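Structure, as structure tokens:
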């Protein structure tokens with residue numbers, strides 16, 4: 001059974017870029033002050049790390065979502081809470097592999113501290129990823145429904 005998500009037009013490269021950019025802007029705005037406070041570091045220092053991580057995450061987001069959506073279409077998955085949870089956990093777990101070395105270098109900390117910081121980001125971004133993508137999908141479906149109604 002196909003969901004409404006699978007009946008919508010495929011995302012263009014431009015849309016994927018905007019999806020990822022909006023995700024990262026929102027994430028930086030919410031997470032940076034929290035991380036700076038938790039690390040006892042300046043917002044600007046953590047903000048630069050957040051920007052570097054966001055750039056990396058934005059590229060990972062586009063690649064990961066492209067691949068996930070291919071699997072989703074082939075298996076005709078519906079975006080149920082379980083599939084959304086799989087999406088969010090898979091994305092964030094893969095991202096930690098990119099984030100850990102960057103965090104260690106920029107913050108000048110060891111692997112365990114970097115892992116704890118990245119896990120803190122993970123615990124923040126896991127529900128954020130779930131909610132953001134749910135809201136984006138709902139807004140996108142609404143937009144295309146309205147577009148279809150307008151053309152009738």
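FYI, it's all coordinate maths here, none of it is from the lab. If you're wondering where the values come from, they're calculated on a predicted model, not measured in any experiment. Quick reminder, even Gly has a Cβ in these numbers, built from the backbone with ideal geometry, and neighbours come from all protein chains shown.
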Practice item. Based on other C-beta atoms within 10 Å, arrange 121, 17 from fewest to most. Key: 17, 121
Practice item. Quick one: divide the alpha-carbon radius of gyration of the chain by 2.2 N^0.38 Å and tell me what you get. Key: 1.15
Practice item. Take each of the peptides 79-90, 42-53, average the number of other beta-carbon atoms within 10 Å over its residues, and list them starting from the highest. Key: 42-53, 79-90
Point to revise | Shape category assigned to region 37-108 from the gyration tensor of Cα positions, a/c cut at 1.5 | key: prolate
Review point. Measuring from label point to label point, each 7 Å out along Cα→Cβ, what is the residue 138 to residue 76 span in nm?
Key: 2.7
Review point. Once fully extended, how much extra length lies between residue 29 and residue 149, figured as 0.36 nm per residue of separation less the alpha-carbon to alpha-carbon distance?
Key: 39.6 nm
